[in-house]
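The values are calculated or read from the model by the stated rules, or taken from the named source; none is laboratory data. Quantities reported herein were computed from a predicted structural model and do not represent experimental measurements. Counting neighbours? That spans all protein chains shown, and the Cβs are built from the backbone with ideal geometry, glycine included.
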Amino acid sequence: MRVAISRISVIKLKLYASDSHDDINVTLEDYEPDGGKISIECAGGVWTNTWPAMGHQTVAQFVATCSVDYLADKLAPEINRTSVDIRAIASDVRLFICRQRRKWFMTAGAARQMFDAAIAATRIEDHRYLLDEVYGLDWWRNLPECSNPEYRYLSTIIQNAQEGIRAMNTAPAQLAG
């Protein structure tokens, strides 16, 4: 067996809880002059990414200058920035039912039954029978969206991690003790 030993510079930051999040642990690993890894842990969630090239910067320098959206996309590509807005769908469906009733395309009883079902609906599937009418044949492409709370939460964690990294970059002597 062949063993290779290499030195890796590792910095671990602990950012204490604030009103917007729990404690955040940030681990920065520099493998080589322009390659490294970041891991962010908060409230049981862990987000990690590795960059093989960062333009001759340390991970701390690189991450401190990146946009929050870029980092969120790298750390959690499975989390979308937006999600389907169920409330807006329900509102659109109710409006459609009212318009259909005003045009006499449905009876008062049928309109009331559909309207009550739209109010009680909590999932997209609950509206499938009307989505073609309201949003067109490609309704799944035309659904209203809102910002994803999971993405907003991760963005807040990243912003706080960046603030901690910037503080470390500007005052390393204070943090050493």
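Before moving on, here are some points about what is shown:
- For the stretch 98-105, the criterion of being in the same structural domain as residue 157 (by TED's automatic domain parsing), farther than 30 Å from residue 152 by Cβ and assigned to a loop (DSSP other than H, G, I, E, B) is met by no residue.
- Candidate set: the stretch 33-66, residues that are touching a Phe, Trp or Tyr at 6+ places or on another chain (Cβ under 8 Å) and not in a strand (DSSP E or B); chosen: the one nearest to residue 6 (Cα to Cα): 59
- Boolean, residue 3 is β-branched (Val, Ile, Thr), surrounded by fewer than 14 Cβ atoms within 10 Å (Cβ to Cβ) and not assigned by TED's automatic domain parsing to the domain that holds residue 166: yes
- Test result for residue 72, farther than 30 Å from residue 13 by Cβ and either assigned by TED's automatic domain parsing to the domain that holds residue 36 or touching a Cys at 6+ places or on another chain (Cβ under 8 Å) (or both): no
- Where residue 156 falls short, out of the listed (1) assigned to a helix (DSSP H, G or I); (2) out of contact with any strand residue (DSSP E or B) (no Cβ under 9 Å at 6 or more places or on another chain): (2)
- Considered as a group, the residues in the stretch 95-113 that are over 34 Å from the mean Cα position of the chain (by Cα) and closer than 16 Å to residue 131 by Cβ include one that is surrounded by the most Cβ atoms within 10 Å (Cβ to Cβ), and that residue is 100.
- Among the residues making up the stretch 1-32, those that are small (Gly, Ala, Ser) and either in contact with a Leu (Cβ under 9 Å, 6 or more places away or on another chain) or assigned to a strand (DSSP E or B) (or both) are 9, 18.
- Of all residues in the stretch 125-144, none are touching a Cys at 6+ places or on another chain (Cβ under 8 Å) and modelled with pLDDT of 75 or more.
- Within the stretch 135-152, the set of residues being more than 17 Å from the chain's Cα centre (by Cα), within 25 Å of residue 72 (Cβ to Cβ) and surrounded by 13 or more Cβ atoms within 10 Å (Cβ to Cβ) comprises 143, 144.
- Selection of the stretch 67-81 for residues being touching a helix residue (DSSP H, G or I) at 6+ places or on another chain (Cβ under 8 Å) and not in a helix (DSSP H, G or I) yields 76, 79, 80, 81.
- Some residue of the stretch 77-88 being touching a residue at least 24 places away in the same chain (Cβ under 8 Å), assigned by TED's automatic domain parsing to the domain that holds residue 120, in contact with a Pro (Cβ under 7 Å, 6 or more places away or on another chain) and among the aliphatic types (A, V, I, L, M): yes
- Sole residue being buried (at least 17 other Cβ atoms within 10 Å of the Cβ) and closer than 27 Å to residue 146 by Cα, chosen from 90, 60, 43, 64: 90
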